[in-house]
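See structure below.
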Amino acid sequence: GNSVTQMEGPVTLSEEAFLTINCTYTATGYPSLFWYVQYPGEGLQLLLKATKADDKGSNKGFEATYRKETTSFHLEKGSVQVSDSAVYFCALTSGETSGSRLTFGEGTQLTVNP
Amino acid sequence: DAGITQSPRYKITETGRQVTLMCHQTWSHSYMFWYRQDLGHGLRLIYYSAAADITDKGEVPDGYVVSRSKTENFPLTLESATRSQTSVYFCASSHYEQYFGPGTRLTVT
């Protein structure tokens, strides 16, 4: 079955530091990969996605590259801000329909200090 | 308001009581989902629905019941609440991308 493994948290950084959150996956076929972000007290929002190998998803300064050879989709940002403090979830779906089910990782809590 | 809403946002109930969590979306998305979020487990799928009157079990369906008589609503019922069902519950609807509601924090005492 499908599974997603994220690096253990929590992660605490100073403002303007470089961020990497590791994500590896196990899936059949050719999954699509996602990063979701959850700000305090809110639901999840899609941050970025990649649908095929070597695709790079990017949004709000965050990037992740779909690496099929290493089954990874690590999230990076060059300079984090206090407003980036949130929980980040890596997820995948192996279907291509609008109702494809998502498999989530455990989430990584990020705290950015001024 | 457009989007996906959940009610109530917070609920405290006693063991053995029946509780219904509501989910409403205004986009007419065919697919809807219920997840629970627990520390150390991420989000786990409880039930999902492909259309009105079509529902199916997810990863952790035991103790939950769903119905979907209208496309826009997807209520989740805990028939006899247990402490292990204390969690944050998220509803989502999908049109290739899943859109999440704000969540319901449920405490079972």
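Looking at (1) under 22 Å from B:His95 (Cβ atoms); (2) touching a Ser or Thr at 6+ places or on another chain (Cβ under 8 Å), find the lone condition where A:Glu76 falls short.
Every listed condition holds for A:Glu76 apart from (1).
Residue check, B:Gly40 against (1) loosely packed, with under 13 Cβ neighbours inside 10 Å; (2) in contact (Cβ under 8 Å) with a residue 40 or more places away in the chain; (3) small (Gly, Ala, Ser), all met but one. Which one?
Result: B:Gly40 fails condition (2) only.
Within segment B:9-29, track down each residue that is within 14 Å of chain A (Cβ to nearest Cβ), in contact (Cβ under 8 Å) with a residue 60 or more places away in the chain and assigned to a loop (DSSP other than H, G, I, E, B).
B:Arg9, B:Trp27, B:His29
Please specify each residue of segment B:52-109 satisfying the condition of being of a type in the set (Gly, Ala, Ser) and closer than 16 Å to A:Arg101 by Cβ.
Listed by number, the residues that qualify are B:Gly58, B:Ala92, B:Ser93, B:Ser94.
Looking at (1) within 14 Å of chain B (Cβ to nearest Cβ); (2) among the charged types (D, E, K, R); (3) over 28 Å from B:His95 (Cα atoms), which is the one condition that is false for A:Glu15?
(1)
How about segment B:41-54: which of its residues are more than 12 Å from chain A (Cβ to nearest Cβ) and among the small types (Gly, Ala, Ser)?
B:Ala52
Can we say B:Asp38 is at pLDDT below 95 and away from chain A (no Cβ under 13 Å)?
Taking the combined requirement at face value, the residue does not satisfy it.
Pick from segment B:55-109 the residues that are open to solvent by 20 Å² or more (accessible area, probe 1.4 Å), farther than 22 Å from A:Leu33 by Cα and within 10 Å of chain A (Cβ to nearest Cβ): which of them is nearest to the chain's Cα centre (by Cα)?
B:Val88
The values are calculated or read from the model by the stated rules, or taken from the named source; none is laboratory data. Note that the coordinates shown come from a computational prediction; the quantities given were computed from them, not determined experimentally. Counting neighbours? That spans all protein chains shown, and the Cβs are built from the backbone with ideal geometry, glycine included. Heads up: the accessible areas ignore ligands, DNA and RNA and are worked out on the full protein's heavy atoms, side chains in. Shrake-Rupley method; radii C 1.70, N 1.55, O 1.52, S 1.80 Å.
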